[in-house]
1. Place the peptides 276-288, 606-618 in order of packing, highest mean first, counting for every residue the other Cβ atoms within 10 Å and averaging per peptide.
2. For segment 387-447, what ratio Rg/Rh do Cα atoms give with a Kirkwood hydrodynamic radius?
3. In whole angstrom, note down how far apart the Cα centers of segment 599-620 and segment 486-562 are.
4. Give the peptides 427-436, 215-224 in descending order of average Cβ contacts within 10 Å, highest first.
5. Taking just the alpha-carbon atoms of segment 174-362, what radius of gyration and Dmax come out, in angstrom?
6. What's the exposure ranking of 113, 529, 605, going from fewest to most Cβ atoms within 10 Å?
7. Where the centre of each part is set by its Cα atoms, how far does segment 399-421 sit from segment 56-125, in angstrom?
8. What is the order of 209, 155, fewest Cβ neighbours within 10 Å to most?
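All of the numbers you see were taken from the coordinates with simple rules; none came from a lab. From a predicted model like this one, the values you see are computed outputs, not experimental measurements. Neighbour counts are summed over all protein chains in view; Cβ atoms, including those assigned to glycine, are modelled from backbone coordinates with ideal geometry.
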């Protein structure tokens, strides 16, 4: 049940979070330009209703449709929610934010099912006609359903909820809403509650009084701040204690409340602290008559205070401090007495699973034993050169004893959700951790020769989960590399005093052979400044990653030999392979290079040989 709610909540969050900028724009227009705002302006204030009633529901529905049905789902989700908006009278009705969260994914699911049914049955030449008409016709039907059924139904639901809130306010029971709000945050239902329920109700209150307490119920950063402060001062786990200060900054100033959810998941009883803290804050806001002019998104102290009405900034701030203080006082003894029930890494891995599910990917559980790994990903800055060679070499090394393991490569920011082990250079570890929180990270200095790679190989080959080698067909060598590596591109007995000079020589060789234009040389130099392209074992593979598409004319590789070596940091490279790649055409030659490097004698001969033809044949 809990996991189901987490998945549901995270999916709703994935619909709202990409569109928070729209909520911020609407909030500022409201706070600044309405009649009792900071800078009253009737003309500019007129923008506000269109953003709330049209822009934001359409954005949310389109995002939800895309999460389920791709680009076609995005379009049909937007069409469907317009029917809901029209069905309640547009700006004369209620905001259809909750309807958008329902109809967008539903519309995406409908078009996805249609596409699956049509797969393999579409007449040749009619694809564009069928694709466009299907979205139009199905979208029209869903818009009609939205007009007559979904829109009016959501209006009725919001009317009931509004009446319920009025009862809570009149009876003085509104603070008890925190009992549901704080657990909902950890279950990722916060965005659905805040923007689907509290914001529409707050709009009506703000229209009458110029402010609404509903905007303060979920967005208050105080309860989470108290929890993080308690972990910082009283946690017995060093990693948790050391990570808390950074989390405080991200949560309190950045407004990303998700950052404290793992700290609650580590020790679920801690949830009592933010619940009581928020109860006290809401009670304080109730008796002081406080409210915000617009929604605070994200829940940063900066955004929270910026939505305060004139003369109430101090009251709004005091409510945050009350929530933080009470939450801290309650969380501190709990943390000191009970310790940590689970590690921060485990809690963060659980968060990673939920994020993966929100993207439509299967959750990935971190492996408990390296030998259980099924997918290893080598990741470099661009996923183009060094990681490809590293993956090829490790794959060839591993395939005879662990053919069940997939070894591939990608850029560090696009590590897939099903990755078990990510192999990355030390300088890229933080980016890899954000990209693949579920994966075990292996930090290395270079991709070809590193003690940590040897250690990983030993664990994979001797672990309890090792399987007997199955017969593997020898990979067929491709003959489609003609023109990628030419005899004229192999230049022996070269000299250079620095890596910049060597990269310049490689770039000029690529230009001379017609692979690139002159701009690519600077792109190679810029790439080297980010992360070194030195691979280890005397090999460097400089290449450019950030450049205009037309800089590379065609795929090509040049090999420059420097028998005396060229300094690449603390190491020297005797072989410098310049790469210009369109698509993945150059990967095949890089794979050949990596395979050749398995033979130490071949590698050493490459560094000193004066036989170009032999080198071409070896690499081809």
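1. In decreasing order of mean packing, 276-288, 606-618 become 276-288, 606-618.
2. On the Cα set of segment 387-447, Rg over Rh gives 0.95.
3. 19 Å
4. 215-224, 427-436
5. Calculated on Cα positions, Rg and Dmax stand at 16.2, 51 Å.
6. Least crowded to most crowded, the residues run 529, 113, 605.
7. Rounded to whole Å, the Cα centres lie 35 Å apart.
8. Lowest to highest Cβ neighbour count: 209, 155.
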